[in-house]
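What follows is one structure encoded as structure tokens, with my remarks underneath.
The values are calculated or read from the model by the stated rules, or taken from the named source; none is laboratory data. Because the structure is predicted, anything quoted here is derived from the model rather than measured. Glycine gets a Cβ as well: all are built from the backbone with ideal geometry, and neighbour counts include every protein chain shown.
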Amino acid sequence: MRADAPVLTVSDLVKHYRVAGGLFRPDRKVHAVDGISFSIAAGETLGLVGESGCGKSSAARCIVRLVEPTSGQIVLKGQDVAHLPEGRMRPLRRDIQIVFQDPFSSLNPRHRAGAIVAEPLVNFGLAEGGALTHRVEELFDRVGLRRDQMNNFPHEFSGGQRQRLGIARAIALNPALVVCDEPVSALDVSIQAQVINLLEDLQRDLGLAYLFVAHDLAVVEHISHRVAVMYLGKIVEIAPRDVLFTRAAHPYTQALLSVVPVPDPRQKCRRTLVTGEIPSPLAPPSGCRFHTRCPHADAICQSHEPPLLDLGNGQSVACHLHKEALP
């Protein structure tokens, strides 16, 4: 892999889930992810945001191959892993790890904390005996847990401590990419800040790349270098953080940003109103998928799907009328 090559490149990723029909009804499919593309460089955090059900978690699980993608490419450090058989995929799993949303259900309640963190090291035969214990102790130190907690069970930890355990397990193999699937949404606000700061410290020290899936835009703004916005299985806008939060070009992105709480009660906020319900991913609309709720929609939006246009400064938007939509 070239030194300047991205750690991860996703091209036209598709994930459809089959829904069985009935006696007089044909099978249907849920368009969870419908052709998304992006890349992540070493040491970079790409935030992936959108409403619940937009497909961001499905995309994350496809990338780490917890679910099989329907089609597309997932190039990890120069190798397409989208459809590799498990035997060839296993050694590559050292380079990509995941931190789950629920820290309790992602930890085996029958195992002690030290064994949970040691498990990936044992699976890949990287350490044993005293060397294994020393490595686990180092990982506990790095994520802010005490060494005497290695003998505790998961239920003996707080929610934030359990998430630190999950992070320690994820970085045990020195991966190049960590997928964070809403890692702080189940935590209190004060604990969220501590976990976010920990992730930033680890990125600085270890050179990690993050795909950070979240719905909290304040958290995404704090941790991300670039942000991709998903709507109904599609990426509608992708831009550097500062560009997106100050000059969003897509009406959906503007609507998301307009409802972020502002700490100053004297500051007046301009709301971008979006009407209607999110269409079903079983039958997404033709053309632009946001046209059924967009205040700027025109006839072309109903009939033609907009491509992701490069606006310069690293910003791309999928909108026929982005010039009219710009604030």
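List of remarks:
Yes or no, residue by residue, for (1) in contact (Cβ under 8 Å) with a residue 40 or more places away in the chain; (2) crowded, with 21+ Cβ neighbours inside 10 Å:
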position	(1), (2)
Val64	yes, no
Lys77	yes, no
Val81	no, yes
Arg88	no, no
Val99	yes, yes
Ala118	yes, yes
Val136	no, yes
Leu139	no, yes
Arg142	yes, no
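- Within segment 1-118, strands (runs of 3 or more DSSP E) holding 1 or more residues that are more than 26 Å from Pro154 (Cβ to Cβ) and either more than 14 Å from the chain's Cα centre (by Cα) or hydroxyl-bearing (Ser, Thr, Tyr) (or both): 8-19, 28-40, 45-49, 71-76
- Pick from segment 226-251, criterion in a loop (DSSP other than H, G, I, E, B) and touching a Pro at 6+ places or on another chain (Cβ under 7 Å), ranking: surrounded by the fewest Cβ atoms within 10 Å (Cβ to Cβ): Leu232
- Residue in segment 164-182 that is among the acidic types (Asp, Glu) and on the phi > 0 side of the Ramachandran plot present: yes
- Breaking point among (1) surrounded by 15 or more Cβ atoms within 10 Å (Cβ to Cβ); (2) over 30 Å from Asp148 (Cβ atoms); (3) in contact with a helix residue (DSSP H, G or I) (Cβ under 9 Å, 6 or more places away or on another chain); (4) of a type outside the set (Phe, Trp, Tyr), for Glu68: (1)
- For the criterion of being surrounded by fewer than 16 Cβ atoms within 10 Å (Cβ to Cβ) and of a type in the set (Lys, Arg), Arg112 fails.
- Filter result for Val178 (outside any helix (DSSP H, G or I), among the aliphatic types (A, V, I, L, M), buried (at least 16 other Cβ atoms within 10 Å of the Cβ) and modelled with pLDDT of 95 or more): yes
- Of everything listed in (1) touching a Ser or Thr at 6+ places or on another chain (Cβ under 7 Å); (2) at pLDDT 90 or above, the single unmet condition for Thr272 is (2).
- Scanning segment 123-142 for residues being within 29 Å of the chain's Cα centre (by Cα), of a type in the set (A, V, I, L, M, F, W, C) and within 14 Å of Asn174 (Cα to Cα) gives a total of 4.
- Segment 287-321, subset surrounded by 13 or more Cβ atoms within 10 Å (Cβ to Cβ) and among the polar types (S, T, N, Q), residue farthest from the chain's Cα centre (by Cα): Gln302
- Comparison of Val67, Val49 shows that the only residue that is over 20 Å from Glu237 (Cα atoms) and either touching a strand residue (DSSP E or B) at 6+ places or on another chain (Cβ under 8 Å) or at pLDDT below 95 (or both) is Val67.
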